[in-house]
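Everything on this sheet refers to the single structure shown next.
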Amino acid sequence: MTQAFRALEVGAKGLDDHLAFMETTPKRIRVMFGGEAIADSTNVQIMFETKHQPVYYFPMEDVRMDLMFATDLSTT
């Protein structure tokens, strides 16, 4: 099922043509780093957004969180 939504930002201009939507992929997606699987899931969502490349979103329980560390980076 596709979940579509319009991106809204308070006071932002030029977002009239901005569209983002999430879609479940039927594929198994595995992320390898240094020869080790750090994410492996059959429940991945793909986010498609205007002017951006598609991005995979994994459920946290399917990611090796013991190999992750916090950073100051954030997105909206």
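The values are calculated or read from the model by the stated rules, or taken from the named source; none is laboratory data. From a predicted model like this one, the values you see are computed outputs, not experimental measurements. Please note that ligands, DNA and RNA were not included when accessible areas were found on the heavy atoms of the full protein model with its side chains. Shrake-Rupley method; radii C 1.70, N 1.55, O 1.52, S 1.80 Å.
Measuring only protein heavy atoms, the 1.4 Å probe finds GLU61 accessible over about 150 Å².
Contact order for segment 34-76, expressed relative to its length and based on alpha carbon pairs under 8 Å spaced 6+ residues apart, stands at 36 percent.
Ranked from largest to smallest solvent-accessible area, with a 1.4 Å probe on the protein heavy atoms, HIS52, HIS18 come out as HIS52, HIS18. Across the accessible surface of segment 25-76, with the other protein chains kept in place and a 1.4 Å probe, carbon and sulfur atoms take up 57 percent.
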